[in-house]
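Report on the structure given below.
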Amino acid sequence: MARLGIRTTAAAMGAAVLLVTGCSSGDGGDDLITIDPATAAVSPATTSTPDGVVHPYSGLIDSITFDPVTRSAVVVANDPRSVLVVPSDGLAGADPASAGRPTALDSDVRDVSIGSDGSALLSMDRQVVKLNLTSGEQTSTPVDGQANSAVELDDGRIAIGTDNGSVHIVDPKTDQSQTVSGFASVDELAVTGDNLSALDHRQTSLTAINLEDGKLGVALRAGEGATHLATDRFGRILVTDTTGNELLVFTADPLLMHQRYPVGESPYAIAYDETADRVWVTLTATNEVVGFDLSSGIPVETGRFKTVRQPNSLAVDSSNGNLIVGSATGDGLQVIPSREN
């Protein structure tokens with residue numbers, strides 16, 4: 001059951017602080033207090049027709065990431081493993097899978113983020129692959145262990161989060177690197193301006209990383225079981241608290257929690273429409289996707305749509321507002337026009 005009411009800055013901060021001083025880059029994560037990572041609720045069978053258009057898709061869709069430069073979606077599926085780059089006009093066609101370009105990879109993809117030059121970073125076992133979304137060219141950065149996440153910094157370096165609780169900052173041009181440790185795991189990373197923040201599922205925390213001295217900064221608890229994040233054009237970090245049924249809103253400079261808002265049962269995937277200034281969240285317990293306007297300081301619901309079963313992945317094409325929803329149970333790839341209402 002979702003909580004009633006809204007938790008804003010003062011109350012949220014009082015309950016949210018984990019650390020007020022940073023850990024050194026040499027601190028290990030073996031003695032940290034951790035929880036089992038939160039997972040999406042198992043969705044019930046759909047009882048009504050999903051909104052928009054649903055295209056058949058081979059495979060259980062694990063993630064969808066949209067690149068505004070090339071206007072293409074990176075669709076990652078498991079069972080069988082596949083990575084497909086689908087142009088925006090292909091998503092509007094009768095068969096997006098046929099319109100996409102398949103990409104062959106050596107192992108499963110744990111995370112996808114968009115680079116600044118029409119490329120995507122694919123986090124995998126022992127490597128991060130930079131994929132040119134136009135040509136299909138691949139370049140690889142080796143990783144010691146499982147890469148859970150990777151993002152490109154403004155200066156061209158790549159920050160890589162691993163399952164052993166470290167962040168590696170790598171310069172692809174010089175091969176120079178630095179390592180910041182002290183997490184239980186580094187599951188997602190967020191870049192907001194000059195700031196880098198890490199989401200740790202096993203600690204359900206969001207932590208600032210000081211890039212200048214290679215140390216951890218302030219860490220805040222991110223609800224009861226945080227799973228995914230997105231950033232917006234105002235430099236905020238938007239986090240789904242899947243266990244706590246809330247949307248969390250942070251700023252990074254300094255790291256503060258500003259809002260906690262109940263959004264429904266099992267919020268999971270999240271995407272931001274920078275043109276409409278809307279954040280969209282999927283609710284896997286009810287097979288829905290819900291949009292919120294954050295401009296007033298209190299999230300205001302702006303739209304609600306019925307989705308395919310198990311909507312574990314979500315992206316948005318900010319040029320037209322189309323939501324792209326993927327089913328993790330094989331029920332297809334869904335495209336929903338979100339600006340018609």
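Some points to look at:
- The condition of being in contact (Cβ under 8 Å) with a residue 40 or more places away in the chain, out of contact with any helix residue (DSSP H, G or I) (no Cβ under 6 Å at 6 or more places or on another chain) and closer than 20 Å to Gln178 by Cβ holds for Ser197.
- First in segment 254-271 and touching a residue at least 24 places away in the same chain (Cβ under 8 Å) and basic (Lys, Arg), second anywhere and open to solvent by 10 Å² or more (accessible area, probe 1.4 Å) and not in a loop (DSSP other than H, G, I, E, B), Cβ under 6 Å, 6 or more apart: Arg260/Arg7
- Filtered by the rule that a residue be touching a Lys or Arg at 6+ places or on another chain (Cβ under 6 Å) and either basic (Lys, Arg) or not in a strand (DSSP E or B) (or both), segment 70-107 gives a lone residue, Ser88.
- The single condition among (1) surrounded by fewer than 22 Cβ atoms within 10 Å (Cβ to Cβ); (2) assigned to a loop (DSSP other than H, G, I, E, B) that His258 does not meet is (2).
- Gly223 vs. criteria of a type in the set (Gly, Ala, Ser), open to solvent by less than 20 Å² (accessible area, probe 1.4 Å) and in contact (Cβ under 8 Å) with a residue 60 or more places away in the chain: no
- Within segment 264-274, tally of residues that are open to solvent by less than 30 Å² (accessible area, probe 1.4 Å) and either assigned to a loop (DSSP other than H, G, I, E, B) or within 14 Å of Phe305 (Cβ to Cβ) (or both): 5
- For segment 224-250, the set of residues classified as farther than 22 Å from Val167 by Cα and part of a loop (DSSP other than H, G, I, E, B) consists of Glu224, Asp232, Arg233, Phe234, Thr242, Thr243, Gly244, Asn245, listed by residue number.
- Meets criteria (part of a strand (DSSP E or B), under 21 Å from Gly244 (Cα atoms) and either under 24 Å from the mean Cα position of the chain (by Cα) or modelled with pLDDT under 85 (or both)) for Leu18: yes
- So Asp89, is it surrounded by fewer than 16 Cβ atoms within 10 Å (Cβ to Cβ) and either out of contact with any strand residue (DSSP E or B) (no Cβ under 6 Å at 6 or more places or on another chain) or modelled with pLDDT of 95 or more (or both): yes
Quick grid of which residues meet (1) closer than 21 Å to Asn320 by Cβ; (2) open to solvent by 70 Å² or more (accessible area, probe 1.4 Å):
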| site | (1), (2) |
| --- | --- |
| Asn78 | no, no |
| Arg81 | no, yes |
| Gly93 | yes, no |
| Pro96 | yes, no |
| Val109 | no, no |
| Asp125 | no, yes |
| Thr134 | yes, yes |
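- Options Thr240, Thr329, Thr307, Thr286; residue that is surrounded by 24 or more Cβ atoms within 10 Å (Cβ to Cβ), over 15 Å from Gly223 (Cα atoms) and of a type in the set (Ser, Thr, Tyr): Thr307
- Residues that are closer than 15 Å to Leu122 by Cα and more than 17 Å from the chain's Cα centre (by Cα), drawn from segment 145-156: Gly145, Gln146
- From the options Val128, Val112, Val151, residue that is of a type in the set (A, V, I, L, M) and closer than 26 Å to Val42 by Cα: Val112
- Set Asp277, Asp253: member being open to solvent by 30 Å² or more (accessible area, probe 1.4 Å) and either more than 19 Å from Ile61 (Cα to Cα) or among the small types (Gly, Ala, Ser) (or both): Asp253
The values are calculated or read from the model by the stated rules, or taken from the named source; none is laboratory data. Given the structure is predicted, the values throughout are model-derived calculations rather than measurements. Virtual Cβ from ideal backbone geometry, glycine too; neighbours counted across all protein chains shown. Keep in mind that these areas ignore ligands, DNA and RNA; they rest on the heavy atoms of the full protein, side chains included. Shrake-Rupley method; radii C 1.70, N 1.55, O 1.52, S 1.80 Å.
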